[in-house]
């Protein structure tokens, strides 16, 4: 990060990463505690994911133009906070909840992209806590120990942290989608989009025969979290292409040994290392539209979720298929990275 703002940028990254955990925790909690028992549960899952992921692209364009990233992130937290007030209309509550999740991710994500400069590790740190938030929020939501009002306290604290401590002025570039007119940039963006679609698809459909009991679920979730963080750190040390080879090449090999727990956990760790790489690269492709580029890849996450939601993928659930998908992801990721101008 830039030497002039080291302390300020570190504080910003710390707050956004902590709030990322809180927002995802609260969203999962609200979904499972308040919406999972409604008659329209299946529909609310789809609408929540659409608003949380697919809608980040238009939300990103708004954030790029407003240039008020902290306020945008805080507004997202506020939407999550008020969503239970609309629980009598579950579909509306799910839409508000999803939009809140998406707005926070865009606001926080663009701020982190802006302070990242030529480094990828801040992105890895920012995105990594989300998996913990979703996992533990879902557990708390399915239970009855944690009162509903606690999420209100958490979200209020998150809003205060953002508004009180993130004082750095948003420095979004003047919004422009000029890169969309360049064939090479568009091709690179399409390839990166496909990589994220495949990562989402594998993440939603992968299942291990030995995954029984809460301890393995915690271990695998931890592998996801630390894999994302490690991807950014390692790529800054050895480069994105080499990191991609280690990540997806290693994952492909280990998926073939997926019946063994240690190999499976290692495969998940390696497979998730590419997440900050794709975000960093797409932002470089559209430097004047970071919010749009962030949302473009979260839209890809939504596309990868659809086959699992429609339950049309059982025949593809084999370790050999996942290994082949990893190798295919590696090939198109390397092509996508080559097409992005890396300064």
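Please work out which residue is farthest from residue 117 (Cα to Cα), limiting yourself to segment 151-186 and to residues that are surrounded by fewer than 13 Cβ atoms within 10 Å (Cβ to Cβ) and at pLDDT 90 or above. Out of the qualifying residues, it is 153. Does residue 15 satisfy the condition of being in contact with a helix residue (DSSP H, G or I) (Cβ under 6 Å, 6 or more places away or on another chain), at pLDDT 95 or above, surrounded by fewer than 24 Cβ atoms within 10 Å (Cβ to Cβ) and in the same structural domain as residue 153 (by TED's automatic domain parsing)? Answer is yes for this residue.
Please verify whether segment 180-195 includes one or more residues that are under 30 Å from residue 81 (Cβ atoms) and in a helix (DSSP H, G or I). No, there is no match, as no residue in segment 180-195 is under 30 Å from residue 81 (Cβ atoms) and in a helix (DSSP H, G or I). Looking across segment 204-219 at every residue that is over 13 Å from residue 319 (Cα atoms) and part of a loop (DSSP other than H, G, I, E, B), the one that is nearest to the chain's Cα centre (by Cα) is identified as 211. Counting residues in segment 210-226 that are over 25 Å from residue 277 (Cβ atoms), outside the structural domain of residue 113 (by TED's automatic domain parsing) and touching a helix residue (DSSP H, G or I) at 6+ places or on another chain (Cβ under 6 Å) gives one or more. Looking only at residues that are surrounded by 24 or more Cβ atoms within 10 Å (Cβ to Cβ) and more than 15 Å from the chain's Cα centre (by Cα) in segment 88-110, which one is farthest from residue 36 (Cα to Cα)? Looking at the filtered set, the residue picked out is 97. Residues of segment 137-172 that are in a helix (DSSP H, G or I) and within 27 Å of residue 288 (Cβ to Cβ): 162, 163.
Would you confirm whether any residue within segment 54-64 is surrounded by 18 or more Cβ atoms within 10 Å (Cβ to Cβ), over 28 Å from residue 231 (Cβ atoms) and more than 16 Å from the chain's Cα centre (by Cα)? No, that holds for no residue. Of the helices (runs of 4 or more DSSP H) lying entirely inside segment 1-91, those containing at least 3 residues that are without any contact (Cβ under 8 Å) to a residue 12 or more places away in the chain are 6-30.
The values are calculated or read from the model by the stated rules, or taken from the named source; none is laboratory data. Since the model is a prediction, treat every value here as computed from it, not as a measurement. Heads up, the Cβs are rebuilt from the backbone with ideal geometry, glycines too, and the neighbour counts pull from every protein chain shown.
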